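Here's the structure we're looking at; comments come further down.
Nothing in this text is a laboratory measurement; each read-out follows from the coordinates by a stated rule. None of these values were measured; they are calculated from a predicted model. Please note: Cβ atoms are built from the backbone with ideal geometry, for glycine as well, and neighbour counts cover all protein chains shown.
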């Protein structure tokens, strides 16, 4: 099976963005951020980077603001590392799947506890 170039570049972008965010950004607003995925436009000019941020809503907002302010640095680093003809415009998006999975897990445990304890 042959992969599209955009899929290959998206995987490299995910790997490099993860390293840049974890090891090269020093903004105190940044919390524990995980790069969970990346999508590239077919022309490789636009990239969407999906991130998961642990913590309360306020801490997540601060981390996202820190990432937005570092977008130029991250983009420049990605351009140098990936050596593409055009460095893609990047857009950070929150990946809510981890938080949603955690919420579902808590609800299932709550239902299990209620069944075990019996009615009122």
Theoretical ellipticity at 222 nm over the chain - DSSP helices of four or more residues, -39500 (n - 2.57) apiece, nearest 500 = -18500 deg cm²/dmol
request  = Identify which of 103, 29, 93 has the largest mean-square fluctuation in a Gaussian network model of the chain, with springs joining Cα atoms closer than 10 Å.
outcome  = 103
query = Hey, in the GNM for the chain with a 10 angstrom Cα cutoff, which one of 107, 30, 94 fluctuates hardest?
reply = 107
request  = May I ask you to derive the FRET efficiency for residue 24 and residue 84 from their Cβ-Cβ distance with R0 = 22 Å, giving the value to the nearest 0.05?
outcome  = 0.70
request  = Specify the inter-centroid distance of the range 1-35 and the range 40-82, based on alpha-carbon positions, in whole Å.
outcome  = 8 Å
query = Relative to the longest principal Cα axis of the chain, at what angle does helix 71-82 sit, 0 to 90 degrees, rounded to 10?
reply = 60 degrees
message = Just want to confirm a number: the relative contact order over the range 5-117, from Cα pairs under 8 angstrom separated by 6+ residues, in percent.
response = 27 percent
query = How far apart, in nm, are the 7 Å Cα→Cβ label points at residue 111 and residue 54?
reply = 2.7 nm
query = Restricting to the chain, what percent of DSSP beta bridges are antiparallel, rounded to 5?
reply = 55 percent
query = Which of these values of Rg/Rh (Cα atoms, Kirkwood Rh) was calculated from the structure shown: (1) 1.14; (2) 1.23; (3) 1.10?
reply = (1)
